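Report on the following structure.
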Amino acid sequence: KLQNPKEEWINPLNGVITSNFGDRDNPTSSGNQYHKGIDIGVPLNTKVMAVKSGKITDVGYSNSYGYYVKYKTYDKYDILCAHLDSVTVKKGDNVIQGDVVAYSGNTGDSTGPHLHYEIKLGDEYINPVNYYKIIN
């Protein structure tokens, strides 16, 4: 299926931003940390959707991110969703905007149920809040 070149960004899910992009005090260890994304507080097992159409580049587990999924959008953005409870896609899958790629969780280095959401273009991390619509 051909992706729409005029896709507008959608939210991966709707929740409250609990930690912003940029320098912050690390909530799980001492010291300052550069936070490469935003954290969005939501109940466990909230659907996490593809913000744009693209291809899954990695699915896995790490001590810091817990369960995570990475994908590249058709217009070359790299998206990372982390601290997931479960993932519904595998590496190599094509996703269409709005597809459920995972369910939110509290895995890895996490202080409570939330989604860690990162956007990268080339080598540059971009503040996801610029693409996140607050929905009441």
Relative contact order %, the chain, counting alpha carbon pairs below 8 Å whose residues are six or more apart: 28
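Starting from the Kirkwood Rh over alpha-carbon pairs, what translational D in µm² s⁻¹ does the chain have by Stokes-Einstein at 4 °C and 1.567 mPa s?
Working: Rh = 14.8 Å.
Estimated diffusion coefficient is 87 µm²/s.
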Max mean-square fluctuation residue, GNM over the chain, Cα-Cα springs under 10 Å, options LEU121, LEU13, LEU84: LEU121
Summed residue charge, Cβ within 11 Å of VAL101's Cβ, Lys/Arg positive, Asp/Glu negative: +1
Candidate aspartates and glutamates - alpha carbon under 20 Å from LYS55, same-chain residues fewer than 8 apart omitted: GLU7, GLU8, ASP75, ASP78, ASP93, ASP99, GLU118, ASP123, GLU124
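Coordinate-derived values only; no laboratory data. Since the model is a prediction, treat every value here as computed from it, not as a measurement. For neighbour counting, all protein chains shown are included, and Cβ atoms are generated from backbone atoms with ideal geometry for every residue, glycine included.
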